[in-house]
Structures are given as C-alpha cells and as structure tokens.
1. Can you confirm whether residue 111 is touching a strand residue (DSSP E or B) at 6+ places or on another chain (Cβ under 8 Å) and surrounded by fewer than 15 Cβ atoms within 10 Å (Cβ to Cβ)?
2. Do we have any residue at all in segment 118-135 that's touching a strand residue (DSSP E or B) at 6+ places or on another chain (Cβ under 8 Å), surrounded by fewer than 17 Cβ atoms within 10 Å (Cβ to Cβ), farther than 24 Å from residue 35 by Cβ and at pLDDT 95 or above?
3. Any idea which of 80, 67 is modelled with pLDDT of 95 or more, buried (at least 18 other Cβ atoms within 10 Å of the Cβ) and more than 21 Å from residue 145 (Cβ to Cβ)?
4. Which one of 4, 10 is part of a loop (DSSP other than H, G, I, E, B), surrounded by 14 or more Cβ atoms within 10 Å (Cβ to Cβ) and in contact with a helix residue (DSSP H, G or I) (Cβ under 9 Å, 6 or more places away or on another chain)?
5. Within segment 31-57, which residues are out of contact with any helix residue (DSSP H, G or I) (no Cβ under 7 Å at 6 or more places or on another chain), at pLDDT 95 or above and not in a loop (DSSP other than H, G, I, E, B)?
6. Within segment 47-59, is there a residue that is closer than 23 Å to residue 143 by Cβ, touching a strand residue (DSSP E or B) at 6+ places or on another chain (Cβ under 9 Å) and crowded, with 19+ Cβ neighbours inside 10 Å?
C-alpha cells in the first residue's frame with residue numbers, strides 16, 4: 001500500500017454539496033457504469049446513513065462505504081453497503097483498509113454488535129477475511145449474484 005487514506009465519517013446532513021456530489025459520482029462510476037448495472041442508486045437510505053469517505057493525499061475520494069443504522073436495511077442489524085474503491089486507487093490495499101476502518105466507525109456509532117451486509121458473491125473470500133460469514137443461499141440483486149453475510 002502506498003499511503004493510508006484520511007477518513008471522514010459524516011451523517012448525511014453534515015456532508016457538503018461537493019462531498020455528496022463526489023461520493024454519488026464514485027458510486028455511479030463503480031456500480032452503474034463499470035458493473036453495467038442500471039439501478040436506482042438513490043434508494044432513500046442515504047439521509048438516515050453515515051457516509052464513510054477515504055481521501056488520498058491529493059484530496060481525491062479514493063474509497064467509500066455507507067454505514068446504515070439498525071432498521072434501515074435489516075431490522076435487527078446495522079449494515080455497511082455501497083463499498084467502493086475508485087479505479088485510480090485500486091491495488092493499494094485500500095478496500096481492506098476501508099472496511100476495517102468502517103467496521104470500527106460502525107462500532108463507535110452503534111456499539112460492538114453483529115453487522116450484516118449483502119456481499120457480491122465474487123467477494124466472499126474478501127469479506128470472510130474481515131470476519132464475516134455467509135448466512136445462506138445466493139440471490140440476485142440488481143442482476144448481480146449476492147450473498148448475505150454477518151460479522152458476529
């Protein structure tokens with residue numbers, strides 16, 4: 001890894017317009033354009049979520065994750081979603097660093113508790129390396145194979 005990123009964790013209401021524009025652009029670049037998956041990214045969950053932004057030394061958004069309180073995506077669990085690393089920042093270990101830091105941020109926000117997420121199935125080993133385990137069958141979400149996972 002070249003250098004660590006500088007992280008901010010903000011509720012929706014604390015995001016600047018520039019931060020909001022930048023994080024939405026990254027999500028669209030990765031999840032809609034790169035993965036060729038047309039879906040509505042603005043799913044109504046952003047205002048209730050915390051936004052975890054990883055900035056590189058040049059001030060570019062290199063990594064992002066959305067931290068959702070219990071009851072937003074899953075009734076009994078907080079969650080981490082929309083995990084993305086910018087194409088320019090890949091192959092530096094930022095994805096793992098992002099998730100480790102996002103998990104710690106989630107614990108600071110909601111206490112040490114189980115975390116549930118919907119992982120793209122090709123990333124199962126990545127999430128397992130962070131302590132998550134599969135809860136069952138694979139399913140399609142936005143035409144991409146996913147698996148529900150929990151970190152106890």
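1. So residue 111 fails the test.
2. Checked segment 118-135: at least one residue is touching a strand residue (DSSP E or B) at 6+ places or on another chain (Cβ under 8 Å), surrounded by fewer than 17 Cβ atoms within 10 Å (Cβ to Cβ), farther than 24 Å from residue 35 by Cβ and at pLDDT 95 or above.
3. 67
4. Numbers: 10 fails: part of a loop (DSSP other than H, G, I, E, B).
Every option except 4 fails the conditions.
5. Within segment 31-57, 48, 55 qualify.
6. no
The values are calculated or read from the model by the stated rules, or taken from the named source; none is laboratory data. From a predicted model like this one, the values you see are computed outputs, not experimental measurements. With ideal geometry, Cβ positions are generated from the backbone for all residues, glycine too; neighbour counts draw on all protein chains shown.
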